[in-house]
Amino acid sequence: MQMFLVLAVIALIFLVIFQISKAAEYVGVLKGENESRKQTNKVNGFLMLAFMVVGLIGVWYCNEIYAPKTLQAQGSASYQGEKVDSMLITTLVITGVVFIITQILLFWFAFKYQEKEGKKVTFFVHSTKLEILWTSVPVVVLSILVVIGLRNWMSFTSEAPTNALQVEVTGKQFGWIFRYAGKDGEFGKKYYRMIDASDNSLGLIWKDTIVNRANGEPQQLKDDKYSHDDLVMEQTMYVIKDRPVKLIINSRDVIHDVGLNHFRMKMDAVPGMPTTMWFTPKYTTTEMKERTKNPNFQYEISCDQMCGNGHYSMKGVIEVVTQSEYDAWQAKQKPKYLTIFPPVEILKTDTVIKTTIAAVTKK
Ligand SMILES: [Cu+2]
């Protein structure tokens, strides 16, 4: 309803402008061409001022309505993201001030210096001082912004703190695969030719095997013990409040992009070229539900790179929990390796039971 009213007001304003210009045209016909031009000139001058006032009010009004609906209003959910927010605010304040000053000057000049009887235009060709001024000021201001940006970028992509939780994130058409190093703290090796959609989505080398290279030559792969306790899961990633998390980002097919809007983080997932970034979550998911007053709140991992026809469906969930909740969750997880290759003892017990049953049935 509100939107309809806004559109109706805009349509009415245009109608009024149209009617005024029509009326001016008729006046012109009656008064003669020269007189009419002077009249139109005056009307246009006033319209410029009106457009400026309406436009600036519109900018302020849209900001009032839409700003609270953006993620900006929630605040950053990571400590590093606060720096991103402060950069955004600084840039918006600088460009906002420049925008308002230039727009006011633009429309005010159009009104003030309209054609008038006996008024002559100043002939002004060049001013070196002015050129230097309006080149150097933006150069200095933009350089400062870029340097601050680079410094922050380098800190998010530099070596993570030693206590950081490491999570490997792999993008695929269309979803996310997360891997934790398990108890040994080391990620097992993987090889893309080992990828099997049914039980080895990352291509972990967890048995001695021979695969064919792209050129057809056989290649011997050696079982990597570190892969045996790796935890592999899809769609939901667990991270810990107040503990840095380092993401090691890969892609299994095309270029994806790990977009973490609540944490103000983003990084491309490039096939064959792992990228990294780290951040420290500030609020647990439960705390965020209270902060946003939204019981269904979820931290989202989205794909920020058009990657195919299912791109829109690449929504993953991040659960930010406390250290104890994380430990409890981790204790419940079973490494994928154990599902594919059940421990020998179980097999043995299973065989004993089967033999006993067979023996009993025989009797
Ligand atoms: Cu994608």
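How about segment 138-196: which of its residues are open to solvent by 20 Å² or more (accessible area, probe 1.4 Å), in a strand (DSSP E or B) and closer than 30 Å to residue 214 by Cα? Correct list: 172, 190, 196.
Out of (1) under 20 Å from the mean Cα position of the chain (by Cα); (2) open to solvent by 50 Å² or more (accessible area, probe 1.4 Å), what's the single condition that is false for residue 226? So residue 226 meets the others, but not (1).
With respect to the conditions (1) more than 30 Å from residue 41 (Cα to Cα); (2) open to solvent by 60 Å² or more (accessible area, probe 1.4 Å), residue 113 lacks only one, and its number is (1). Residue 116 meets each of the listed conditions (1) in a helix (DSSP H, G or I); (2) among the basic types (Lys, Arg); (3) free of Cβ contacts under 8 Å to residues at least 12 places away in the same chain apart from (1).
Regarding residue 207, is this residue more than 31 Å from the chain's Cα centre (by Cα) and either open to solvent by less than 10 Å² (accessible area, probe 1.4 Å) or touching a residue at least 60 places away in the same chain (Cβ under 8 Å) (or both)?
On the way: more than 31 Å from the chain's Cα centre (by Cα): yes; either open to solvent by less than 10 Å² (accessible area, probe 1.4 Å) or touching a residue at least 60 places away in the same chain (Cβ under 8 Å) (or both): yes.
For residue 207, the condition - more than 31 Å from the chain's Cα centre (by Cα) and either open to solvent by less than 10 Å² (accessible area, probe 1.4 Å) or touching a residue at least 60 places away in the same chain (Cβ under 8 Å) (or both) - is met.
Yes/no per residue for (1) open to solvent by less than 40 Å² (accessible area, probe 1.4 Å); (2) part of a helix (DSSP H, G or I); (3) modelled with pLDDT under 90:
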| position | (1), (2), (3) |
| --- | --- |
| 36 | yes, yes, yes |
| 43 | yes, yes, yes |
| 50 | no, yes, no |
| 55 | yes, yes, no |
| 61 | no, yes, no |
| 64 | no, yes, no |
| 73 | no, yes, yes |
| 81 | yes, yes, no |
| 88 | no, yes, no |
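Evaluate segment 247-266: report whether one residue or more is more than 16 Å from the ligand (Cβ to nearest atom), open to solvent by 60 Å² or more (accessible area, probe 1.4 Å) and part of a loop (DSSP other than H, G, I, E, B). The answer is no, given that none of the residues of segment 247-266 is more than 16 Å from the ligand (Cβ to nearest atom), open to solvent by 60 Å² or more (accessible area, probe 1.4 Å) and part of a loop (DSSP other than H, G, I, E, B). Evaluating residue 15 against the criteria (1) more than 22 Å from residue 114 (Cβ to Cβ); (2) surrounded by fewer than 10 Cβ atoms within 10 Å (Cβ to Cβ) leaves one unmet condition, (2).
Taking the stated definitions as given, is residue 219 in a strand (DSSP E or B) and at pLDDT below 90?
yes
If the condition is being more than 16 Å from the ligand (Cβ to nearest atom) and either open to solvent by 90 Å² or more (accessible area, probe 1.4 Å) or assigned to a loop (DSSP other than H, G, I, E, B) (or both), then segment 290-318 contributes 290, 291, 293, 294, 295, 296, 297, 298. Of the residues in segment 191-202, at least one is of a type in the set (Gly, Ala, Ser) and within 16 Å of the ligand (Cβ to nearest atom).
A search for C-beta distances below 6 Å between a residue of segment 8-28 that is under 19 Å from residue 48 (Cβ atoms) and any residue that is β-branched (Val, Ile, Thr), counting only pairs 6+ apart in sequence or on different chains, returns 24/40; 24/43.
Please verify whether residue 198 is out of contact with any Phe, Trp or Tyr (no Cβ under 8 Å at 6 or more places or on another chain), small (Gly, Ala, Ser) and free of Cβ contacts under 8 Å to residues at least 12 places away in the same chain, treating the condition exactly as stated. Taking the combined requirement at face value, the residue satisfies it.
The values are calculated or read from the model by the stated rules, or taken from the named source; none is laboratory data. As the structure is a prediction and not an experimental result, all values here were calculated from the model. In this analysis, Cβ positions are derived from the backbone assuming ideal geometry, glycine residues included, and neighbour counts consider all displayed protein chains. What goes into the accessible areas is simple: the full protein's heavy atoms, side chains included, and nothing from ligands, DNA or RNA. Shrake-Rupley method; radii C 1.70, N 1.55, O 1.52, S 1.80 Å.
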